[in-house]
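K.L.:
Questions regarding the structure given below will be posed in turn.
The values are calculated or read from the model by the stated rules, or taken from the named source; none is laboratory data. Bear in mind that the values here come from a model prediction, so they are computed numbers and not experimental data. Glycine gets a Cβ as well: all are built from the backbone with ideal geometry, and neighbour counts include every protein chain shown.
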Amino acid sequence: MDVNMKMPDLATNEGVELGVTRWLANVGDPVKRGQALLEIETDKAVQEVECIANGTLTTIHVQSGQKVAVGTVIATIKVS
Amino acid sequence: MTGYDRKFLLGMYERMVLIREFEDAVKFLFLEGTMPGTIHQCQGQEATAVGVCTALSSDDWITSTFRGHGHALAKGLGPQELMDELFGAETGCCKGRGGSMHVGNMSKGMVPGIAIVAGGIPLAAGMALSFKLENKPHVVASFFGDGAIAEGAFHEGVNMAAIWNLPLILVCENNLYGASTHVDLVMKNSRISDRAKSYGFRGETVDGNDVLAVYEAAQKAVAECRAGHGPVLLELLTYRRTGHSRRDPCHYQPKDEREAWTQRDPIERFAARIQITAEEHELINTRVQKTLAAAVERAKVAPHPSASDLAEYVYAEASPRPSALNEQLNPVVSAGGSTRRLGIAEALREGITEEMAADPRVFCIGEDIGVPGGWGGAFTVTLGLEKRFPERMINTPIAELGFFGLATGAAMMGMRPIADVQYGDFLFLASDQIINNAAKLRYMSGGTISVPLVMRAPVGATGRGSQHAQNMERYFTGVPGLKVVAPSNAYDAKGLLKAALRDGNPVLMFEHKLLYGSKGARAEGGAVDASSDVPLDDYVVPIGKAAIRREGKRVTVLAWLLMVHYAMQVADELDAEVIDVRSLSPIDWETIGASVRKTGHAVIVEEGPVTGGVGAEIAAGIAERWPSVRVTRVASPDVPVPFTPVLENAYRPNADRISMGVRQILEESHG
């Protein structure tokens, strides 16, 4: 089963886009729920975002340096 | 592990795992963007909730905070009702009216979370007071964080719990941070349990990440409370492994500190201590995961309240008592002789006495009440009642925030408290408990709580300067969940008091210092005779009904308290219809409407600043309903109440100013 992970609503102000600073895992890596999966930049701070499922990171939809709206799918995890 | 049944230990373990996994599941739902609102989570603090609640019986109680999911699961609320509440569903434990910060379930002994820091402590003390007054064996555990220690509500609630040996366990979850501020920055002595000694009871600091240590400390505290030796303060040292709220990345927690506490994780430590087997862990973990997965799926599709139900659960339906009562709108009493002439203070005293005699749940709580040789409150209303009801005249410290919280807590448990302040101005101190708790708890709980609390407050400018004189009606009339009355005579005072005690909602009664008819040392200069013929038979004056004091044709004068008397002085010469508004919330639009449609002119008379007063609300209400009616106000100017008599007299509307206001509006409309 694939689980789509969305950009979390961690902004202080409504409607701002959040940027992916860097990914902390590569496509194909096994990932665990709760591990730091990527770093994002909000209007307030740079912070880590935890992985929401156990499985394999199959797709990264938003690359480092890109900004997207809250709720945009940023990664797909194949749940084992 | 000697002395403990394996099943008992595994039960505690499973409850902690359930809390951790529930919180993680919720966290990821937020990350996904599927859950509304905000959250305050308790990962890392599972042992405090489970340790304390395991020591309680199912009919004991807890109060909680905005960080209450763990407390709820530990006290026996189900993950489904909790998850549904977080999703704002009608099937949630508070029918979606509470949300994450206010989870609770009265049928399971948990008051909805009180999200005002320390606000739950006086409430819990009041619950404990009710158990003591009614000889019930229950105890209350009140959870709060380290941040609560700096609040006045902590001091006031704890002090009263100490004075009266209340069965209250004060559970401080010290997780080192109030939001992002470290405890060392906000207290000179950060050993919180030390405070207990200064109040005269026992305090203890416990490793809050050791669930058995917490359980044993709580068990001891419960036993002490049940034996009448409460309260007890438990300081549980723990650590929050998550942000204060959902967007908090916790950058203020140093990395080495986080890691050190991770080593002391309460679930892992307990697993090691009881040497949990792989099979046991697997069984528990699978069960918890399955339960939570099902709860999430169901919560996502759970029915939401209909928008048309927005105003449901604001007020409780009245709970009438069996005795038949006469409902009389106006003081129209037969001359048959079954009445006496009483002043307001005497009539209130008589009403309180009758109610206390008829109903053991009624008690008085306030300052300087029930002191032999004392005043009977500031204006003699409760004079001598301590002789007849020594157990039910609760004389408090000077602590308005605290004892209004106690009164609210006791009312919530089914008592019928009458709380009074010496001067209405002091209600500002009590307003958090009145507005945030007493008025809102019914709504926040999805209609499961009733707060049948009667509050009394003297108002009016009477030679005491700015801080013992304000007309406080304006500050409380627009509060949903609260009813407000303001009698101008003794008949109404007694009748409204009795109606308030039967109402099932918090009712605030304003009384005017110049109308009491207080005698002796408490007599007021400039007093106005507000005495009435008060029947010997039982009666009530219903809340929500105005009274026509004089019928007239040319203009409607709307007033309450002292202003009714001043308006009456000029009513004849103006041919005015004088309405004693009397119930300020709710307002009797029917009576007012009938009059203003007839006269076409409304003059609202209010003691107190003109801007933002109750008069503004009445004026707007008339303008919206009957736009052809001309409206004006006669009120005080926008200044604090002055002391010097010449200015005080200029401040307070009088008969001349009322007359002038009326003449002006009549001339304008005819000119």
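K.L.:
Going through region B:1-52 one residue at a time, which ones are away from chain A (no Cβ under 14 Å) and among the hydroxyl-bearing types (Ser, Thr, Tyr)?
P.N.:
The answer is B:THR2, B:TYR4, B:TYR13, B:THR48.
K.L.:
Still on this structure, please answer the following. Could you tell me which numbered condition B:LEU73 fails, if it satisfies all but one of (1) in contact with a Leu (Cβ under 7 Å, 6 or more places away or on another chain); (2) within 14 Å of another protein chain (Cβ to nearest Cβ)?
P.N.:
(2)
K.L.:
Right, here's the next one. Considering every residue within region B:232-253, establish whether at least one is loosely packed, with under 15 Cβ neighbours inside 10 Å and at pLDDT 90 or above.
P.N.:
Taking every residue of region B:232-253 in turn, at least one turns out to be loosely packed, with under 15 Cβ neighbours inside 10 Å and at pLDDT 90 or above.
K.L.:
Could you identify the single residue in B:LEU73, B:LEU86, B:LEU31 that is without any contact (Cβ under 8 Å) to a residue 12 or more places away in the chain and of a type outside the set (Asp, Glu)? Full working, then the answer.
P.N.:
Details: B:LEU73 fails: without any contact (Cβ under 8 Å) to a residue 12 or more places away in the chain; B:LEU86 fails: without any contact (Cβ under 8 Å) to a residue 12 or more places away in the chain.
Going through B:LEU73, B:LEU86, B:LEU31 in turn, the sole match is B:LEU31.
K.L.:
Here is a further query. Go through (1) part of a loop (DSSP other than H, G, I, E, B); (2) over 16 Å from B:PRO542 (Cα atoms) and name the single condition B:MET455 misses.
P.N.:
(1)
K.L.:
Among what's in region A:1-22 and is among the acidic types (Asp, Glu) and surrounded by 14 or more Cβ atoms within 10 Å (Cβ to Cβ), pick the residue that is farthest from the other protein chains (Cβ to nearest Cβ). Can you show your working first?
P.N.:
In the first step, residues of region A:1-22 are kept if they are among the acidic types (Asp, Glu); the result is A:2, A:9, A:14, A:17.
With the extra rule that they be surrounded by 14 or more Cβ atoms within 10 Å (Cβ to Cβ), the set shrinks to A:9, A:17.
Working: A:ASP9: 5, A:GLU17: 14 Å.
Only one residue tops the list, namely A:GLU17.
K.L.:
Looking at region B:343-375 only, could you name the residues that are under 24 Å from the mean Cα position of the chain (by Cα) and of a type in the set (A, V, I, L, M, F, W, C)?
P.N.:
B:LEU348, B:ILE352, B:MET356, B:VAL362, B:PHE363, B:CYS364, B:ILE365, B:ILE369
K.L.:
Do you know which residues across region B:29-60 are surrounded by 24 or more Cβ atoms within 10 Å (Cβ to Cβ) and either part of a helix (DSSP H, G or I) or within 28 Å of the chain's Cα centre (by Cα) (or both)?
P.N.:
Passing the criteria: B:GLN41, B:CYS42, B:GLU46, B:ALA47, B:THR48, B:ALA49, B:VAL50, B:GLY51, B:VAL52, B:CYS53.
K.L.:
Just a yes or no: is a residue in region B:594-615 farther than 18 Å from B:ILE548 by Cα and part of a helix (DSSP H, G or I)? Reasoning before the result, please.
P.N.:
Initially, region B:594-615 is screened for residues farther than 18 Å from B:ILE548 by Cα, giving B:607-614.
Retained after the next criterion (residues that are part of a helix (DSSP H, G or I)): B:614.
The answer is yes, given that some residue of region B:594-615 is farther than 18 Å from B:ILE548 by Cα and part of a helix (DSSP H, G or I).
K.L.:
So, one more: Just the residues that are in contact with a Lys or Arg (Cβ under 8 Å, 6 or more places away or on another chain), part of a loop (DSSP other than H, G, I, E, B), of a type outside the set (S, T, N, Q) and closer than 20 Å to B:ALA559 by Cα, please, taken from region B:465-510.
P.N.:
The answer is B:ALA486, B:PRO487.
K.L.:
Would you mind telling me which numbered condition in (1) outside any helix (DSSP H, G or I); (2) in contact with a strand residue (DSSP E or B) (Cβ under 8 Å, 6 or more places away or on another chain); (3) crowded, with 16+ Cβ neighbours inside 10 Å B:VAL662 fails?
P.N.:
Among (1) outside any helix (DSSP H, G or I); (2) in contact with a strand residue (DSSP E or B) (Cβ under 8 Å, 6 or more places away or on another chain); (3) crowded, with 16+ Cβ neighbours inside 10 Å, the lone unmet condition for B:VAL662 is (1).
K.L.:
Let me ask another. Any idea which residue in region B:254-267 is surrounded by the most Cβ atoms within 10 Å (Cβ to Cβ), counting only those that are within 14 Å of chain A (Cβ to nearest Cβ) and of a type in the set (D, E, K, R)? Full working, then the answer.
P.N.:
Step one: list which residues in region B:254-267 are within 14 Å of chain A (Cβ to nearest Cβ), which gives B:255, B:258, B:262, B:265, B:267.
From what's left, of a type in the set (D, E, K, R): B:255, B:258, B:265.
Working: B:LYS255: 8, B:ARG258: 13, B:ASP265: 19.
Here the answer is B:ASP265.
K.L.:
Can you tell me which residue within region B:77-93, out of those that are touching a strand residue (DSSP E or B) at 6+ places or on another chain (Cβ under 8 Å) and part of a loop (DSSP other than H, G, I, E, B), is nearest to B:VAL50 (Cα to Cα)?
P.N.:
Going residue by residue through region B:77-93, those that are touching a strand residue (DSSP E or B) at 6+ places or on another chain (Cβ under 8 Å) are B:77, B:81, B:93.
With the extra rule that they be part of a loop (DSSP other than H, G, I, E, B), the set shrinks to B:77, B:93.
Numbers: B:LEU77: 12, B:CYS93: 20 Å.
By that ranking, first place goes to B:LEU77.
K.L.:
Which residues, taken from region B:567-591, are part of a helix (DSSP H, G or I) and buried (at least 24 other Cβ atoms within 10 Å of the Cβ)?
P.N.:
In the first step, residues of region B:567-591 are kept if they are part of a helix (DSSP H, G or I); the result is B:567-574, B:589-591.
Hit for region B:567-591 is B:ALA567, nothing else.
K.L.:
Separate question: Could you tell me whether any residue of region A:37-49 is within 12 Å of another protein chain (Cβ to nearest Cβ), exposed (fewer than 15 other Cβ atoms within 10 Å of the Cβ), on the phi < 0 side of the Ramachandran plot and not charged (D, E, K, R)?
P.N.:
For region A:37-49, residues within 12 Å of another protein chain (Cβ to nearest Cβ), exposed (fewer than 15 other Cβ atoms within 10 Å of the Cβ), on the phi < 0 side of the Ramachandran plot and not charged (D, E, K, R): present.
K.L.:
Identify the residue in region A:25-36 that is part of a loop (DSSP other than H, G, I, E, B), touching a strand residue (DSSP E or B) at 6+ places or on another chain (Cβ under 7 Å) and within 25 Å of B:GLN289 (Cβ to Cβ) and, among all such residues, is nearest to the other protein chains (Cβ to nearest Cβ).
P.N.:
Ranking the qualifying residues of region A:25-36, first place goes to A:GLY34.
K.L.:
Given the options A:ILE74, A:ILE52, name the one that is touching a His at 6+ places or on another chain (Cβ under 6 Å) and either buried (at least 16 other Cβ atoms within 10 Å of the Cβ) or more than 9 Å from chain B (Cβ to nearest Cβ) (or both). Let's see the steps before the verdict.
P.N.:
On the way: A:ILE52 fails: touching a His at 6+ places or on another chain (Cβ under 6 Å).
Checking each option against the conditions leaves just A:ILE74.
K.L.:
Further question: Sort through B:ALA221, B:ALA217, B:ALA213 and tell me the only one that's outside any loop (DSSP other than H, G, I, E, B) and under 28 Å from the mean Cα position of the chain (by Cα). Please lay out each step first, then the result.
P.N.:
Numbers: B:ALA217 fails: under 28 Å from the mean Cα position of the chain (by Cα); B:ALA213 fails: under 28 Å from the mean Cα position of the chain (by Cα).
None of the others qualify; the one that does is B:ALA221.
K.L.:
If I filter region B:533-553 for residues that are surrounded by fewer than 18 Cβ atoms within 10 Å (Cβ to Cβ), acidic (Asp, Glu) and under 34 Å from the mean Cα position of the chain (by Cα), do I get at least one hit?
P.N.:
yes
K.L.:
Listed residues B:LYS197, B:LYS188, B:LYS136; which is more than 21 Å from the chain's Cα centre (by Cα), part of a helix (DSSP H, G or I) and free of Cβ contacts under 8 Å to residues at least 12 places away in the same chain?
P.N.:
Details: B:LYS188 fails: part of a helix (DSSP H, G or I); B:LYS136 fails: part of a helix (DSSP H, G or I).
After applying the criteria, what remains is B:LYS197.
K.L.:
Next up: If only one of B:GLY68, B:GLY99, B:GLY88 is surrounded by fewer than 22 Cβ atoms within 10 Å (Cβ to Cβ), modelled with pLDDT of 95 or more and in contact with a Gly (Cβ under 7 Å, 6 or more places away or on another chain), which one is it? It would help to see each step written out before you state the result.
P.N.:
Numbers: B:GLY68 fails: surrounded by fewer than 22 Cβ atoms within 10 Å (Cβ to Cβ); B:GLY99 fails: surrounded by fewer than 22 Cβ atoms within 10 Å (Cβ to Cβ).
Only one candidate qualifies: B:GLY88.
K.L.:
Restricting the search to region A:55-71, which residues are under 19 Å from A:ALA11 (Cβ atoms), within 14 Å of chain B (Cβ to nearest Cβ) and of a type outside the set (A, V, I, L, M, F, W, C)?
P.N.:
A:GLY71
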